[in-house]
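Here the structure is laid out as structure tokens; the discussion comes afterwards.
Bear in mind these aren't lab numbers, they're just calculated from the coordinates by the rules spelled out. Predicted model, so just to flag it, every value in this text is computed and none were measured. Here the Cβ positions follow ideal geometry from the backbone for every residue, glycine too, while neighbour counts run over all protein chains shown.
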Amino acid sequence: MSASSLKLRMMIVTALFAAIIGVLAQVTIPLPLVPITGQTLAIGLAATILGWRYGTLSILLYLALGAIGVPVFAQMSAGVGILFGPTGGYLFSFIPTALCIGLYLEKTSFNLKNAIIANIIGMFISLLLGTVWLKYIAELSWGAAFASGVAPFLIVGLIKAVLAAWIGIMVRQRLASANLLYA
């Protein structure tokens with residue numbers, strides 16, 4: 001397979017993951033300030049399957065789609081106002097999250113143990129950056145920001161991190177064996 005053909009396949013898979021993130025964003029459990037969503041599961045999947053470069057590109061495409069008005073954010077929302085509202089820190093945190101997950105896996109190896117470690121690190125990156133943003137945008141105390149932005153997400157986040165690792169490694173192996181992915 002030629003390099004340009006493989007690059008085209010990777011760009012298609014990257015766009016597909018931006019769409020998957022948008023679909024999983026609609027799986028929500030509403031909470032007062034920040035809902036629990038399927039976005040972070042999708043971010044972990046994108047980075048675990050695609051690696052840092054294409055995983056991060058899929059996040060950037062997802063954010064760009066939402067910014068221009070395509071309703072891909074949680075609860076079918078969109079627009080720049082969402083990016084700079086209380087949940088914006090979580091949305092922007094997806095960029096370094098995908099970058100770190102993908103880099104960790106590319107520097108070690110794409111196996112289940114490393115994917116679990118990488119996705120747990122990614123979960124904490126999202127929670128940290130999102131909570132700092134939430135604290136300042138919503139003018140909360142650190143305690144209130146932690147109570148709204150971290151505490152409700154720890155157990156669910158760990159479950160999603162393990163799921164993203166397990167499903168991600170399995171799908172990555174299958175896509176690579178089908179020549180749909182850089183191995």
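Summary of values
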| item | result |
| --- | --- |
| Sorted peptide list for 167-173, 9-15, criterion being average Cβ within 10 angstrom, highest first | 167-173, 9-15 |
| For the stretch 3-177: lysine pairs under 29 Å (alpha-carbon distance), excluding those fewer than 8 apart on one chain | 5 |
| Helix 154-177 axis, angle to the chain major axis (alpha carbon atoms, nearest 10°) | 20 |
| Cα convex hull volume per residue for the chain (Å³) | 97 |
| Helix axis angle, 88-107 relative to the chain longest principal axis, alpha carbon, degrees | 30 |
| Cα-centred dipole magnitude for the stretch 3-177, charges only on beta-carbon of K, R (+1) and D, E (-1), debye, nearest 20 | 500 |
| Taking THR97, THR56, THR28, THR40 and counting other C-beta atoms within 10 Å, the order from fewest to most | THR28, THR56, THR40, THR97 |
| Candidates TRP133, TRP166, TRP142, ranked by Gaussian network fluctuation over the chain, Cα under 10 Å, top entry | TRP142 |
| Distance in nm between pseudo-label sites at SER177 and LYS113 (7 Å out along the Cβ direction from Cα) | 2.2 |
| Among ILE159, ILE49, GLY85 the positive-end extreme of the charge dipole of the stretch 3-177 (Cβ point charges) | ILE49 |
| Pair GLU139, ALA3: separation of 7 Å Cα→Cβ label points (nm) | 5.5 |
| Label-to-label distance, nm, for residues given as VAL27 and ILE68 (7 Å Cα→Cβ offset) | 2.7 |
| For the chain, with +1 on Lys and Arg beta carbons and -1 on Asp and Glu, the positive-most of SER2, ILE137, ILE169 along the dipole | SER2 |
| Rounded tilt (10° steps) of 39-67 against the dominant C-alpha axis of the chain | 60 |
